[in-house]
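Read the structure below first, then the notes.
The values are calculated or read from the model by the stated rules, or taken from the named source; none is laboratory data. From a predicted model like this one, the values you see are computed outputs, not experimental measurements. Here the Cβ positions follow ideal geometry from the backbone for every residue, glycine too, while neighbour counts run over all protein chains shown. For accessibility, only protein heavy atoms count, side chains too; no ligands or nucleic acids. Shrake-Rupley method; radii C 1.70, N 1.55, O 1.52, S 1.80 Å.
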Amino acid sequence: MDHITFYPQGDRAITINFGNEIQKDLHQKITIFTKHLETDPFPGMLEVIPSFTAVTIFYDPTKVLLTTPNQTPYEEIVKIVKSKVFTLPLSNRQKSKTVTIPVCYGGEYGPDLQAVANYHQLSEQQVIQFHSNQEYIVYMIGFAPGFPYLGGMAKEIVTPRKATPRLKISAGSVGIGGEQTGVYPIESPGGWQIIGRTPLQLFQKNSKQPSLLKAGDIVRFQPITPQRFKSMEVFE
């Protein structure tokens, strides 16, 4: 806890940095802290956004001033946040939701599967096995609405991003970018190596909870056939 630092993001946000390396234990601390803020927000808090190594809290300075007129809103927020972060039982593990995502690997759904296999001198089936046999942690949601950054991929299939990004990647595409894997929730440009696609919708803008996944969730990938994909497909 000695390495936690605080710094402002303009006059309406504060970032709490828990460390400098992406680690499972660090992520657990961030998840617990985020959950605590969401269930017990302080006056004026608007939103809390976790990332790999930090948490950013957005707040309304005018509402903070109503409770502490004798100091700046940022000074009061630092005081509140310090009292929360240094008294939390951060060693306690939180129960994580496990989500199984069906994926059709290769072919028209995974145009870069062969390239990834060639890069590592593996067969396509070996790449699929390495990718689907892991249990992944959702470290953060970002880049695009509902896009999960997943940690825990096997080192045997770590592959650099494409030198030239594609202008259009289909929603549901599963890709590898360096040491991470993720799923494109909406159609967008991108430079990750696309090895498969899921028929699930990871982001539904009109839903009460638009994103299927959130930080702290556990993800497993389940290989499916093209026939199974078409029977499950929900994209129009």
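Might you let me know whether region 127-137 holds any residue that is in a strand (DSSP E or B), in contact with a helix residue (DSSP H, G or I) (Cβ under 8 Å, 6 or more places away or on another chain), over 19 Å from Lys214 (Cβ atoms) and β-branched (Val, Ile, Thr)? So that I can check it myself, show each step before the final result.
Filtering region 127-137 down to residues in a strand (DSSP E or B) leaves 136-137.
Those left that are additionally in contact with a helix residue (DSSP H, G or I) (Cβ under 8 Å, 6 or more places away or on another chain): 137.
Pick out the ones that are also over 19 Å from Lys214 (Cβ atoms) and you get none.
Checking region 127-137: not a single residue is in a strand (DSSP E or B), in contact with a helix residue (DSSP H, G or I) (Cβ under 8 Å, 6 or more places away or on another chain), over 19 Å from Lys214 (Cβ atoms) and β-branched (Val, Ile, Thr).
Okay, residues lined up against (1) modelled with pLDDT of 95 or more; (2) under 20 Å from Ala117 (Cα atoms):
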residue	(1), (2)
Ile137	no, no
Ala144	no, no
Phe147	no, no
Gly152	no, yes
Ala163	no, yes
Pro199	yes, no
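Results for (1) part of a helix (DSSP H, G or I); (2) touching a helix residue (DSSP H, G or I) at 6+ places or on another chain (Cβ under 8 Å), shown as yes or no for each residue.
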| position | (1), (2) |
| --- | --- |
| Phe6 | no, yes |
| Gly19 | no, yes |
| Ile22 | no, no |
| Asp25 | yes, no |
| Leu37 | yes, yes |
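Considering region 141-181, and only residues there that are among the basic types (Lys, Arg) and in a loop (DSSP other than H, G, I, E, B), the residue that is farthest from Lys24 (Cα to Cα) turns out to be Lys162.
Is it true that Lys63 is outside any loop (DSSP other than H, G, I, E, B), surrounded by fewer than 19 Cβ atoms within 10 Å (Cβ to Cβ), in contact with a Gly (Cβ under 6 Å, 6 or more places away or on another chain) and not hydroxyl-bearing (Ser, Thr, Tyr)? Against the criterion (outside any loop (DSSP other than H, G, I, E, B), surrounded by fewer than 19 Cβ atoms within 10 Å (Cβ to Cβ), in contact with a Gly (Cβ under 6 Å, 6 or more places away or on another chain) and not hydroxyl-bearing (Ser, Thr, Tyr)), Lys63 qualifies.
Report, by residue number, each residue of region 1-30 that is open to solvent by 30 Å² or more (accessible area, probe 1.4 Å) and modelled with pLDDT under 85. Result: Met1, Asp2, His3, Asn20, Glu21, Ile22, Gln23, Lys24, Asp25, Lys29. Within region 49-60, restricting attention to residues that are surrounded by fewer than 19 Cβ atoms within 10 Å (Cβ to Cβ) and in contact with a Ser or Thr (Cβ under 7 Å, 6 or more places away or on another chain), the residue that is nearest to Gly216 (Cα to Cα) is Ile49. Could you tell me which of the residues Lys155, Lys168 is of a type in the set (D, E, K, R), open to solvent by 70 Å² or more (accessible area, probe 1.4 Å) and farther than 19 Å from Gly107 by Cβ? Residue meeting the stated conditions: Lys155.
Applying a threshold of 7 Å to beta carbon distances and a minimum spacing of six or more residues, or different chains, the list of pairs starting in region 176-199 at a residue that is among the charged types (D, E, K, R) and ending at one that is in a strand (DSSP E or B) reads Glu187/Lys168; Glu187/Ile169; Arg197/Val103; Arg197/Cys104; Arg197/Ser173; Arg197/Val174.
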